[in-house]
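Visitor: Shown below is the structure under consideration.
The values are calculated or read from the model by the stated rules, or taken from the named source; none is laboratory data. What you are looking at is a predicted structure, and each value in this text was computed from that prediction instead of being measured. Heads up, the Cβs are rebuilt from the backbone with ideal geometry, glycines too, and the neighbour counts pull from every protein chain shown.
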Amino acid sequence: MKRFEFSLQRMLAFKTTLYEKERNTLAHLRARRLAAEQRRDDVALQMAEAAAAYRRKAADTGVAAGEVHQLAQKKQSSDAVIEMLQAEMAKLDAEIEKQLQVVIALDREVKSLEKLREAQWNEWQEDYAREERERILELVSRRYVDIKAAGPQQ
């Protein structure tokens, strides 16, 4: 009986490796997007804290024109950073969607190769069982023929 060998094993190994690589790329893109979102939230929080401090100071002691200008500059800078981060997040969202489609396609390919491998394995097992039954039947037939040929031994 020949040894079971999945002729597409190398293809399955290659596709599995490629699938894992693409999944890692997708995870990296998602991590970058999450980091950009966190930076955007941090900038917005810092601006909100600065505005609250400005309002408290304005209510308590008053503010100078320079402080008003400084807060306006900080707001303008924060808005620019937030806008840049929003654009980066939108770009990353598009990349993530594209990468997700690649991962899904590779997942389907890997699953179809695994099903093919399983089908070939089942076919091999059936062939093996059939050959084993034939071998046993042949041994039993020979034994029966040998007993009949020997005749009664009395």
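Visitor: Of the numbered conditions (1) under 20 Å from SER7 (Cβ atoms); (2) over 25 Å from the mean Cα position of the chain (by Cα); (3) not acidic (Asp, Glu), ILE147 satisfies every one except a single condition; which is it?
Guide: It fails just one condition, (1).
Visitor: Here is a further query. For ARG32, indicate whether it is at pLDDT 90 or above, at negative phi, more than 16 Å from the chain's Cα centre (by Cα) and assigned to a helix (DSSP H, G or I).
Guide: No.
Visitor: State all residues of the range 46-70 that are modelled with pLDDT under 90, in contact with a helix residue (DSSP H, G or I) (Cβ under 8 Å, 6 or more places away or on another chain) and assigned to a helix (DSSP H, G or I); if no residue qualifies, say none.
Guide: TYR54, LYS57, GLU67
Visitor: Could I ask something else about it? Of the residues VAL102, VAL81, which single one is of a type in the set (Val, Ile, Thr), surrounded by 12 or more Cβ atoms within 10 Å (Cβ to Cβ) and farther than 30 Å from GLU20 by Cα?
Guide: None of the others qualify; the one that does is VAL81.
Visitor: Are any of the residues in the range 114-124 of a type in the set (D, E, K, R), in contact (Cβ under 8 Å) with a residue 60 or more places away in the chain and surrounded by 10 or more Cβ atoms within 10 Å (Cβ to Cβ)? Break it down into steps so the answer makes sense when it comes.
Guide: Looking only at the range 114-124, we keep the residues that are of a type in the set (D, E, K, R), and these are 114-115, 117-118, 123.
Filter once more, so that each one left must be in contact (Cβ under 8 Å) with a residue 60 or more places away in the chain: 114, 117.
With surrounded by 10 or more Cβ atoms within 10 Å (Cβ to Cβ) added as a condition, the list becomes 114, 117.
Among the residues of the range 114-124, at least one is of a type in the set (D, E, K, R), in contact (Cβ under 8 Å) with a residue 60 or more places away in the chain and surrounded by 10 or more Cβ atoms within 10 Å (Cβ to Cβ), which makes the answer yes.
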